[in-house]
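Written below as structure tokens is the structure these notes are about.
The values are calculated or read from the model by the stated rules, or taken from the named source; none is laboratory data. Since we're looking at a predicted model, the values are computed, not measured. Virtual Cβ from ideal backbone geometry, glycine too; neighbours counted across all protein chains shown.
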Amino acid sequence: MKNLKINNRFTAELPADPNETNEIRQVKNTLFSYVSPTKPSNPTLIHASEEVAGLVGITKEEIQSESFLNAFSGKEILPETRPYAMCYAGHQFGNWAGQLGDGRAINLTEIEHNNEFFTLQLKGAGKTPYSRTADGLAVLRSSIREYLCAEAMHYLGVPTTRSLSLMLSGDQVLRDVLYNGNPAYEKGAIVCRVAPSFIRFGSFEMLTARNELKNLKEFVEFTIKHYFPEIKGEPKEQYIQFFKTVADTTREMIVHWQRVGFVHGVMNTDNMSIHGITIDYGPYGWLENYDPNWTPNTTDSQNRRYRFGNQPQIAQWNLYQLANALYPLVNEAEPLEKILESFINDFKSDYKVMFLSKLGLFTLTDTDSKIITGLEAVLELSETDMTIFFRNLNKIVKLDSVENAIEKIQVSFYLPEEIKGDILDSWKKWFTVYLQRLNQEELSDEDRIEKMNQINPKYVLRNYMAQLAIDDADKGDYAAINELYLLLQKPYDEQPEHQKWFAKRPDWARSKVGCSMLSCSS
Ligand code: AMP
Ligand code: MG
């Protein structure tokens, strides 16, 4: 891989842990520990993204090479690099969890390519000082889910980490999927993911909680200098501006999640990137029937803290924790509070514009909030598939009658027999208002529909689709991974040859593990 340009800023400039063993421990006064990936016994490449390879300077031909296989399975270390695990802390499910760190993620190196910087990170490459009670490994099912979903999100236009490669380690990993005392061996796998950096809110929280204020200052300044070079001015101004930038990009990311129906599932502060990109794909899921209370994460099924409709509030809560972490540098609450306060208002106005655009309404009027709350309420009356409903709005034209319009979205109802009486009346009422509103739009039907088709995806990684690819991959058949990968590169295109994936969740997937419910076991 002759064009890989190594440029390790993180390890060159920040304090390292002097202990280089992977013994589990509390690691103080440092931001990372050097570690060696565990050598996999028989790595094989399942899939790699040519586009992501190109981003970091790896050619198509090099993807097939022995050195690619070895480097991104952890078998060999890239020349001039020293892999490391990052030390961070965080709040999990609303509670302070203390030190967490990369328990099964290992950063290989930072790469500079075409004046951009990327960190390459292996997930599932073995133990680190932060592995706590676990093994540092990852299973094939969760690796496929992360690999495919990150790329799917990218092509949907949602900020995210990227996936470079998916490999089998050749080793077996013991997991108790349902946490019910039935552990079983599964195939181990390793994903290499790529991001500008893997710095999280929890990276800063840890330093402040430990009162390591000198490290905090150094780290914030390092972060701004390298990852937010556009921020200039007096130090205190810079810290505030940094917080504002993180709040803004986080808000934009959440608006996208709500647009496409993505539920992260574990929005702990250690899973929040400072770049406002989606990170750490664990028990995530996609809304099938539109239900703001839905969460895929069985660990959260009681409180539903991370349910779809709560994601904006949780993002704000997480930003509060980041503000607290930065406070010792700013020493003034007001500017941070102002940013936090405006977060929800700004979110609401962005959400409104986004939601109206999903409806093909691009000219704002005072009544528009009602059309949104009205639709949210009626969507919940009877299970309605979010993706199909919004995509099929592109069939509706200004001259349609209410009956015609309902007919066109009929296929999105999971229980069509329920659409009668009061429920049907509610739909009729909503469509009456919608059609009136549509007729006030200046755009022609054709132009409006073209725009809507770039906003409402036709194809998302439905929970059962990933599971089908996983079931085949477990048997050694990777064709479905490739098929979904290609399909999800063009989520807004009609792709009539893939029409079978534009379908409601099949009945068998309604309550199948891995489809509608996922545990954190991965
Ligand atoms: P997550 O819920 O995946 O964000 O993980 C929370 C913490 O547990 C992080 O510090 C992870 O690195 C760690 N962790 C999760 N799974 C494993 C594993 N199999 N081995 C070691 N550490 C893990
Ligand atoms: Mg995590």
The condition from (1) assigned to a helix (DSSP H, G or I); (2) on the phi > 0 side of the Ramachandran plot that P328 misses is numbered (2)
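Restrict the check to the range 46-57 and report whether at least one residue is under 21 Å from the mean Cα position of the chain (by Cα), in a strand (DSSP E or B) and in the same structural domain as V266 (by TED's automatic domain parsing). Steps first, please.
If we filter the range 46-57 for residues that are under 21 Å from the mean Cα position of the chain (by Cα), which is where we start, we get 47-53, 55-56.
Next, from what is left, pick out any that are in a strand (DSSP E or B): 47-48.
Those still in the list that are in the same structural domain as V266 (by TED's automatic domain parsing) too: 47-48.
Scanning the range 46-57, I find at least one residue that is under 21 Å from the mean Cα position of the chain (by Cα), in a strand (DSSP E or B) and in the same structural domain as V266 (by TED's automatic domain parsing), so the answer is yes.
Restricting to the range 134-144, what's the tally of residues that are assigned to a loop (DSSP other than H, G, I, E, B) and within 15 Å of ligand 2 (Cβ to nearest atom)?
Here is the first cut: in the range 134-144, the residues assigned to a loop (DSSP other than H, G, I, E, B) are 134-136.
Next, only the ones that are within 15 Å of ligand 2 (Cβ to nearest atom) stay: 134, 136.
Residues meeting the conditions: 2.
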Here the residues within the range 281-292 that are near ligand 1 (Cβ under 9 Å from one of its atoms) and surrounded by fewer than 23 Cβ atoms within 10 Å (Cβ to Cβ) are G282
The residue that is modelled with the lowest pLDDT, considering only those in the range 156-176 that are under 19 Å from G514 (Cα atoms) and among the charged types (D, E, K, R), is D176
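Which of the residues spanning the range 257-298 are of a type in the set (S, T, Y), assigned to a helix (DSSP H, G or I) and within 13 Å of ligand 2 (Cβ to nearest atom)?
Hit for the range 257-298 is T269, nothing else.
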Here is a check on your reading of the model: is G90 in a strand (DSSP E or B), surrounded by fewer than 18 Cβ atoms within 10 Å (Cβ to Cβ) and within 11 Å of ligand 1 (Cβ to nearest atom)?
no
Taking the range 222-238 and keeping only residues that are over 16 Å from N331 (Cβ atoms) and part of a helix (DSSP H, G or I), one is left with F222, T223, I224, K225, H226, Y227
Expected output for the range 133-148 (first residue in the same structural domain as I106 (by TED's automatic domain parsing) and touching a residue at least 40 places away in the same chain (Cβ under 8 Å), partner among the β-branched types (V, I, T) and within 14 Å of ligand 2 (Cβ to nearest atom), Cβ below 6 Å, 6+ apart or cross-chain) is S143/V191; E146/V191; Y147/V191
Picking from L166, L207, the residue that is surrounded by 21 or more Cβ atoms within 10 Å (Cβ to Cβ), farther than 28 Å from V56 by Cα and in contact with a helix residue (DSSP H, G or I) (Cβ under 6 Å, 6 or more places away or on another chain) would be L207
Among N107, N114, the single one that is modelled with pLDDT of 95 or more and either of a type in the set (A, V, I, L, M) or out of contact with any Pro (no Cβ under 8 Å at 6 or more places or on another chain) (or both) is N114
Within the range 94-122, residues in contact with an Asp or Glu (Cβ under 7 Å, 6 or more places away or on another chain) and under 26 Å from N297 (Cβ atoms) come out as L100
Across (1) more than 16 Å from ligand 2 (Cβ to nearest atom); (2) within 20 Å of the chain's Cα centre (by Cα); (3) touching a residue at least 40 places away in the same chain (Cβ under 8 Å); (4) over 20 Å from G103 (Cα atoms), H154 clears everything bar (3)
Here the qualifying pairs (Cβ atoms under 6 Å; residues six or more apart or on different chains; first in the range 275-287 and not assigned by TED's automatic domain parsing to the domain that holds N310; second charged (D, E, K, R) and within 11 Å of ligand 1 (Cβ to nearest atom)) come out as Y281/E146
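Can you give me the number of residues within the range 117-127 that are assigned to a loop (DSSP other than H, G, I, E, B) and within 13 Å of ligand 2 (Cβ to nearest atom)?
Within the range 117-127, the subset assigned to a loop (DSSP other than H, G, I, E, B) is 124, 126-127.
Keeping just the survivors that are within 13 Å of ligand 2 (Cβ to nearest atom) gives 124.
Selection size over the range 117-127: 1.
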Just one listed residue, out of N453, N404, N482, N463, is modelled with pLDDT under 95 and either at negative phi or in contact with a helix residue (DSSP H, G or I) (Cβ under 7 Å, 6 or more places away or on another chain) (or both), and it is N463
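Picking from T59, T109, T38, T44, which residue would you name as being hydroxyl-bearing (S, T, Y) and under 28 Å from V220 (Cα atoms)? Full working, then the answer.
Numbers: T59 fails: under 28 Å from V220 (Cα atoms); T38 fails: under 28 Å from V220 (Cα atoms); T44 fails: under 28 Å from V220 (Cα atoms).
Being hydroxyl-bearing (S, T, Y) and under 28 Å from V220 (Cα atoms) holds for just one of T59, T109, T38, T44, which is T109.
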Is there a residue in the range 193-205 that is among the hydroxyl-bearing types (S, T, Y), within 13 Å of ligand 1 (Cβ to nearest atom) and either within 24 Å of N297 (Cβ to Cβ) or not in a helix (DSSP H, G or I) (or both)?
yes
Practice item. Go through the residues of the range 119-132 one by one and say whether even a single one is more than 16 Å from the chain's Cα centre (by Cα), touching a residue at least 60 places away in the same chain (Cβ under 8 Å) and away from ligand 1 (no atom under 13 Å from the Cβ). Key: yes
*Is it true that some residue in the range 173-188 is more than 12 Å from ligand 1 (Cβ to nearest atom), within 24 Å of P40 (Cα to Cα) and without any contact (Cβ under 8 Å) to a residue 12 or more places away in the chain?*
yes
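With Y147, Y179 as the choices, which residue is modelled with pLDDT under 95, more than 13 Å from ligand 2 (Cβ to nearest atom) and either touching a Pro at 6+ places or on another chain (Cβ under 7 Å) or among the hydroxyl-bearing types (S, T, Y) (or both)? Before you say what the answer is, go through the steps one by one.
Numbers: Y147 fails: modelled with pLDDT under 95.
Every option except Y179 fails the conditions.
Among T21, T38, T81, T30, which is part of a loop (DSSP other than H, G, I, E, B) and within 14 Å of ligand 1 (Cβ to nearest atom)? Let's see the steps before the verdict.
Numbers: T21 fails: within 14 Å of ligand 1 (Cβ to nearest atom); T81 fails: within 14 Å of ligand 1 (Cβ to nearest atom); T30 fails: within 14 Å of ligand 1 (Cβ to nearest atom).
On inspection, the qualifying residue turns out to be T38.
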Exercise for the section: Could you check, for the range 406-419, whether at least one of its residues is part of a helix (DSSP H, G or I) and small (G, A, S)? Expected result: yes
Those residues of the range 93-116 which are farther than 30 Å from Y306 by Cβ, crowded, with 18+ Cβ neighbours inside 10 Å and not aliphatic (A, V, I, L, M) amount to T109, E110
